[in-house]
1. Counting DSSP beta bridges with both partners in the chain, what percentage is antiparallel, nearest 5?
2. Taking the alpha-carbon centroid of each part, what is the distance from region 302-344 to region 469-528 in angstrom?
3. Summarise the long-distance tail of P(r) for region 1-137 by giving the % of C-alpha pairs beyond 26 Å.
4. Once the Cα atoms of helix 30-62 and of the chain are each reduced to a long axis, what angle between those two axes, in degrees from 0 to 90 to the nearest 10, is obtained?
5. Percent relative contact order of region 17-101, based on C-alpha pairs within less than 8 angstrom and at least six residues apart?
6. How big is D, in µm² s⁻¹, for region 377-494 by Stokes-Einstein at 4 °C and 1.567 mPa s if Rh is the Kirkwood radius over C-alpha pairs?
7. Provide, in order from the shortest bin, the percent of all Cα-Cα pairs of the chain in each 10 Å bin, continuing until the bin that contains the maximum pair distance.
8. Report, by chain and number, residues whose modeled amide H sits under 5 Å from the one on T492, excluding near sequence neighbours (fewer than 5 apart, same chain).
Amino acid sequence: MKPAGKPAGLHPDTSRGWLRRIWPIVARRKTLIIAAMLAGLLSTTATVLVPAVIGRGVDAAADGQQLRPYLTALAVLAVVRFSAGFAYRYGLFGTAHRIEADLRNLVFARLTELSFSYWDRVQTGQIISRANSDVRSIQLLFAFGPLVGMQVVLLGLGGAAMVALSPPLTLVALAPLPAVLIIGARLRNRVFPLSWVVQARSAELATIVDENIQGAQVVRGFTQEREQIRLLARAAQRLRWAGTATADARARHAPVMEALPRLGLALVLGVGGLLAINGSVAVGDIVAFNAYVIIMSVPFRMIGFILIQWQRASAAALRVFEILDAKPEIVEKSNALPLPNPRGTIQFTNITFTYPTSHTPRITDATAHDQLVFNPPEAVLKNLSFSVKAGECVAIVGATASGKSTIARLLPRFYDPDSGSIHIDGHDVRDLQLADLRKAVSIAPDDPFLFATTIHENVTFAQPDADDLAIQTALNDSAADFVNTLSDGIQTEVSERGYTLSGGQRQRIAITRALLANPAVLILDDSTSAIDVETERELHQSLRQRHNNHTTILISHRQSTIALADRVLFLNDGNIAAEGTHNELLASVPAYAQLLEAKEEVTA
């Protein structure tokens, strides 16, 4: 794995402006951009020539001359404008979409690198909003922003043509320009903070929708639909306010910016008419000049749109950069060691661990930059030490929040401990290649995640090339042969998160997935809690046959599950309070017996 750092393509200097930071990504497409801009320049030149040809044609018609040369020139210019304009816009929009794709890939790549602690403190809706709507805002600027560049060229060429025709009329036509620039600056200053608020409120809305979709059973189970609707309505109201404020700013400024150039047109017609009467300019020049003023009004109309889009893109880029600039806390060393043939020997030595979620910033809405302050959190594990032999089956038992699942998360380096060391086969896990380490350790959780695809794709997620025999063996060993009775067998499609299956079926599919990965260390984190006793008995028999080839860690409160273990570690207050066989602890540790008895009563 490549050492963590800034994403490739994004400039690492955070003191730079957002456009300078994103420029290396844009520069990758420089050939297409240059070609598109050359085509745009050709189209703009043809546009500027049209009024001049029309003016000369009007004068030629007044003098009784042939119009064919002028008509031919106009036809040629029309073809050039169409062809070059098509090439320009096609290349420009294509480039913008490529930049958008690059940004999405960078964001997704960074999200796959970030540590679990990052996901403990962010909201899914915020991430989705930044990866979608914010990236889209940046794409729109690159799609339409260069059009303004062409409009500036058009303004320059048209202005030069106007000066050549009549300097006095040019001054009259451009008189409103300073006012347009001043109003545009005011619009920009007003819209930028509103753009940030709009995007933050949109992300807040997306978060509420996402949570209600993911937690639909909870919402309906507690009949909180009306409250959630009110919550969404309040968020929508805040978004409406921000959107209305933005629309109000545009409504106050944009019409004036568009109307001022038309005032210049009226002045040109009045002053130009007087000059024509006095014979200072030809009628064809007035016609051409009028066309130039109309053409040059287009850039003025686009100024408001681009200013607003620029502010949106600026705010969006800052939000996207918050993801791209986030640094993984779990980093693989540059000289990390491989783990080619793991045996599964485990050693925890003086491990102390505290979850970092309580002292890290939380990305939520417009207050994303604020640091949240909490009291120092309490350590979950405190100077914990234990060892597991290769091929041994060990159960970890403890009260809720005693640190059982934390041990499972530390072993594959989902987190790093505050102090102490964890070794597998004699190697400190921090010295190993992450891919090898995580192939050596598989976890089947109590609430497994299944993808919205076939059961086959789910069970072969870690081993896509597994053959049918290996898959069927894993299904049998995990008591998941119910799959064969489904209408489409292992090719049966499951819904999002696998909710078309029962809880016990999902757990067995997750165990199958873990078994098929053939890890050296198999961790079953309360992964049979939703399975009936008879099915669990079948599963235990298969695991008993298998566990000689695996180091197995069982995290459970079920006595039937714990009895499978060669040894039990009783966890209390972040440390090992006692260890021995299940029967030994029942007889000698009252707290152990009381805990299991209480759990049995709860589940009875």
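The values are calculated or read from the model by the stated rules, or taken from the named source; none is laboratory data. Keep in mind that what you see is a predicted model, and the values were worked out from it rather than measured. As a convention, Cβ positions derive from the backbone with ideal geometry for all residues, glycine included, and neighbour counts pool all protein chains shown. Ligands, DNA and RNA are stripped out before the accessible areas are found, and what is left, the full protein with its side chains, is counted by its heavy atoms. Shrake-Rupley method; radii C 1.70, N 1.55, O 1.52, S 1.80 Å.
1. Working: 18 of 38 bridges.
Taking every DSSP beta bridge within the chain, about 45 percent pair in antiparallel fashion.
2. Computed from Cα coordinates, the inter-centre distance equals 34 Å.
3. Details: 4641 of 9316 pairs.
Tail of P(r) above 26 Å: 50 percent of Cα pairs.
4. For 30-62 against the chain, the angle is about 20 degrees.
5. On the way: 59 pairs, mean separation 40.7, N = 85.
For region 17-101, the relative contact order is 48 percent.
6. 75
7. Percent of Cα pairs in each bin: 3, 12, 18, 19, 15, 11, 8, 7, 5, 3, 1, 0.
8. Sorted by chain and number, the residues that satisfy this are I455, H456.
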